[in-house]
């Protein structure tokens with residue numbers, strides 16, 4: 001069961017926030033607030049090629065992950081299970097992956113336009129009135145959560161950018177001729193799609209692992 005939950009949580013941790021926000025607008029503001037701090041300061045949990053991952057960011061991401069588990073498991077949740085899963089390392093690993101992917105997206109030349117950002121914002125129910133995006137409602141929600149629009153929008157752009165990079169990496173993987181032959185009828189179409197998705201996911205993880213090996217990563221494990 002621990003293995004199953006760990007795999008399920010990996011999906012939750014790597015999911016981009018611009019997707020999650022649509023369903024969990026009530027908690028999304030708890031996990032943002034990234035900032036620049038002194039790399040040698042007490043607020044640093046890790047660095048990736050010199051870029052800081054603040055302890056505050058890690059802490060918020062960890063508590064959000066715990067809260068997600070509580071919602072999934074309900075009365076079956078226990079702190080012991082979280083310890084066995086080594087959730088703390090999973091969370092910091094996810095934050096490191098985000099930095100790695102953002103760097104990769106930059107090298108790919110990927111960008112996020114204001115039009116793309118607006119399209120995502122327009123589909124968030126919390127920012128809508130009568131089913132349509134409402135600038136006044138948008139401003140009100142941000143003010144209530146004490147989050148400057150510029151900070152929020154920059155973070156949103158980062159999340160969209162990460163999703164773009166992930167999608168580009170995965171969609172570059174296709175079935176070989178031999179694999180395609182194996183998946184022909186009587187194989188079910190759903191099985192073919194699943195086979196391709198699994199192959200793409202493996203390729204993506206291999207790509208990220210290779211980037212991690214080349215990156216200079218420092219984790220202050222005493223703070224986990």
request  = State yes or no: is residue 147 at pLDDT below 95, over 30 Å from residue 191 (Cα atoms) and out of contact with any strand residue (DSSP E or B) (no Cβ under 7 Å at 6 or more places or on another chain)?
outcome  = yes
query = When residues of the stretch 193-221 are filtered for being loosely packed, with under 12 Cβ neighbours inside 10 Å, over 19 Å from the mean Cα position of the chain (by Cα) and assigned to a helix (DSSP H, G or I), how many remain?
reply = 4
remark   = The residue from 49, 56 that alone is closer than 19 Å to residue 100 by Cβ and in contact (Cβ under 8 Å) with a residue 12 or more places away in the chain is 49
note = Considering the stretch 150-171, residues that are under 16 Å from residue 115 (Cα atoms) and over 13 Å from the mean Cα position of the chain (by Cα), and then whichever is surrounded by the fewest Cβ atoms within 10 Å (Cβ to Cβ), we arrive at 150
remark   = Requiring at least 1 residues that are touching a helix residue (DSSP H, G or I) at 6+ places or on another chain (Cβ under 9 Å), modelled with pLDDT of 95 or more and within 18 Å of residue 211 (Cα to Cα), the helices (runs of 4 or more DSSP H) wholly within the stretch 72-129 are 87-108
inquiry  = Among (1) within 23 Å of residue 58 (Cβ to Cβ); (2) exposed (fewer than 10 other Cβ atoms within 10 Å of the Cβ); (3) modelled with pLDDT under 90, there is one condition residue 224 misses while meeting the rest; what is its number?
reply    = (2)
request  = Please determine, by comparing only the residues of the stretch 87-124 that are under 18 Å from the mean Cα position of the chain (by Cα) and loosely packed, with under 15 Cβ neighbours inside 10 Å, which one is nearest to residue 160 (Cα to Cα).
outcome  = 111
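The values are calculated or read from the model by the stated rules, or taken from the named source; none is laboratory data. Since the model is a prediction, treat every value here as computed from it, not as a measurement. Quick reminder, even Gly has a Cβ in these numbers, built from the backbone with ideal geometry, and neighbours come from all protein chains shown.
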